[in-house]
Amino acid sequence: MGRIPETVIQDILEKTSYLAVYQEKVRLTKKGNKWWGLCPFHGEKTPSFSVDAERGLYYCFGCQKGGSLIDFLMETDKLSFVEAVEELAERANVPIPKGDYASDKEETERAGLYVLYEKLANAFNWVLRNHDSGAVALGILRKRGIPESLIDGFRLGYAPADHAWLYRFLAGKGFSPDFLARTGLFSARNARYPLFCDRIMFPIADQRGRVIAFGGRLIHGDGPKYINSPDTPIFHKQENLFALDKALPAIKEQNSALICEGYMDALSFHAAGIANAVAPLGTAFTTRQAALLRRRAERVRLCFDSDPAGKKAAERACSVAAGAGLEADVVLMSEGKDASEILENFGGETLKKVPECAINSGDFLIRRAEELFDIGSMDGKSKAAVFFYPYLDALDSEVRRNAFLEIVGRRMGISAGSLIADYRKAKALGGAQVQGRSKEGAASGRMGEAGARTADLFFMTAVILYPESFPRVKASISVDDLDDTRAQDLFLALEEASTRDAKETSSILSATNDDAAKRYVLAVAASGELDQGIEKVVGDGLRTVMARTLERRRTRLIAEIGRVSQGGVSSVIPEAASAENLESVKDLLKKKMQLDVEIARLKGEVDE
């Protein structure tokens, strides 16, 4: 049985009385805006099982089980996903058109995509190797130190600059216009306009070596430097890794994988003889990718760029790896260098030594906190403590959490007991205090399992529960503006859900990679805390994130002003350099004043 279309599922849920289905299994009593009963999944005497009748969600504050009505039926009646949906469809009198999701049709589509991508990978490689138009691309790869064996082994290629070539080539191979429109190779606005033109092509393969997507690096002109295939029936970027098929033997043998930032970095490490290197596909390292690796190895080394974006990516990856049960080290790259540059400028032997300069994830995060916050001040210590919450939530035992906080306490000059107490208080805010309820479910005393609350996590939880606000949020901030990795995961889930036009909370949460984030959302929904004033929570949260992002930009700008000013003072040609630097400083100061005004506006310190 294939996947039931999202529109059909939404139609079924819209016509379903959530409460009526739950009440067939659990005796529920209304208290406030929620319904409470004894949990059917574990023995208890005080009700801790809560149902959100409006969204159809359930959550037990005792055993932390929760999810959608479909999840509930799957759990209680031991049904498959399709069987649970079919039962609800029958109740709601909504027909499921079999032809829309029959496995034969779906499998035929998938088989056609495999054939197409295989042919195209070979064609791109042939153009790179044999056609005059691919000479520049081939020259770039050779200059970067990528050997011929890897160019052929990875089937690197070149997509011609001629915008008509790709459609003409594939149509000539017998692929229909309707099918080509669904391949992810052409623009959604123009079914004949290719996504990849004048680019070095990196075939992305699944674990079995089948080509399922492409990444492309621009050679000439304007546009993003790298682009990637969109998701298709055979490709989901959050569940695959570049070079995994080539790296698997080494990963299994070494019980470890090297995670780097992009295609060229992964190729560069392979060129240097480090065969366990893989890379995410234009996204942050995800929990699904981590789970994929955990089935083959126990350790990962995280090797991201040394710029602020790379360091932030490494922060998130530390929590993602810990949540998947992977031991993680972070490779310390030289300032301003990446693997590709090192291979090109210093050779493979130098690059081969880079992964040896690694520290464990906990030590890396402590160093980052010391970089980001003024540890000498009370406020800086407090902010640093909150910075560690996502990592602490990801650790799988109290022993490991407490041991890490002991180290943090010694480094930051704070009592470890105080750090532990603050963290437990934050976890309580993530649970019991979030709940805002009286005594329902309080007996379990395990509310903290929902995770420690941070401002970013609470803000994105509100957006999940009020998805109509997401277009405005997405237009104002990016996922990288969020500090909490759980909040980042909720942002990515909303992005994925929007591509499927999924609006139900349960459908959005199905795209969530982080179980801790999902549990937190369910706990908040069950608590009723956001039943009133959710628009204000979203608005306040958005302004807070935007102001914080601008404040960080202002901090970098102030540092740049100081650097440029110092350059003018010490210049060996004072008159010329000072005049030039003075103009630069004036320009930078003007930008700073504009940021000051915008930050004050966002904080409500000046009138709109």
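Got the relative contact order for the chain handy, in percent, Cα pairs under 8 Å and 6 or more residues apart?
Details: 918 pairs, mean separation 67.2, N = 608.
Relative contact order for the chain comes out at 11 percent.
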Which ³J(HN,Hα) values, rounded to whole Hz and listed in residue order, are derived for segment 454-468 from phi using the Karplus coefficients 6.51, -1.76 and 1.60 in 6.51 cos²θ - 1.76 cosθ + 1.60 with θ = phi - 60°, glycine and proline given as x? 10, 4, 5, 5, 5, 4, 5, 4, 4, 5, 4, 7, 10, x, 4
Give me Phe179, Phe169, Phe404, Phe269 ranked fewest to most by other Cβ atoms within 10 Å of their Cβ, as a rough exposure proxy. Phe179, Phe169, Phe404, Phe269
Taking θ = phi - 60°, what integer Hz values does the Karplus form 6.51 cos²θ - 1.76 cosθ + 1.60 yield along segment 378-393, in sequence order, with x for Gly and Pro? 5, 5, x, 4, 5, 5, 5, 4, 5, 4, 7, 4, x, 5, 4, 5
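May I ask you to sort Phe491, Phe235 by Cβ crowding, counting other Cβ atoms within 10 Å and putting the fewest first?
On the way: Phe491 24, Phe235 21.
Taking fewest neighbouring Cβ atoms as first place, the list is Phe235, Phe491.
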Could you go through segment 597-602 in sequence order and give the Karplus-derived ³J(HN,Hα) for each residue, using 6.51 cos²θ - 1.76 cosθ + 1.60 with θ = phi - 60°, rounded to whole Hz, and x for Gly and Pro? 5, 5, 5, 4, 5, 5
Take the residue pairs Lys65/Lys237; Lys143/Lys352; Lys30/Lys503 and return only those whose Cα atoms are more than 20 Å apart. Lys65/Lys237; Lys30/Lys503
In whole percent, what relative contact order does segment 289-369 give with Cα contacts below 8 Å and a gap of six or more residues? 32 percent
Helix-only mean residue ellipticity at 222 nm for the chain, each DSSP H run of n ≥ 4 adding -39500 (n - 2.57), per residue, nearest 500: -17000 deg cm²/dmol
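Exceeding 23 Å between C-alpha atoms, which entries from my cross-link table qualify? They are Lys246/Lys353; Lys252/Lys518; Lys427/Lys603.
Values: Lys246/Lys353 21 Å; Lys252/Lys518 31 Å; Lys427/Lys603 27 Å.
Correct reply: Lys252/Lys518; Lys427/Lys603.
As an exercise, use a Förster radius of 22 Å and the Cβ-Cβ distance of Lys474 and Asp540 to find the FRET efficiency, rounded to the nearest 0.05.
Details: r = 17 Å, r/R0 = 0.79.
Approximately 0.80, to the nearest 0.05.
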Show the residues, 5+ positions off or on another chain, whose built amide H is closer than 5 Å to the amide H of Ala277. Leu258
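Throughout, read-outs are computed from the coordinates displayed, never taken from laboratory work. Please read these numbers as outputs of a predicted model, since none were measured by experiment. Here Cβ is always computed from backbone atoms with ideal geometry, including for glycine, and neighbour counts include all displayed protein chains.
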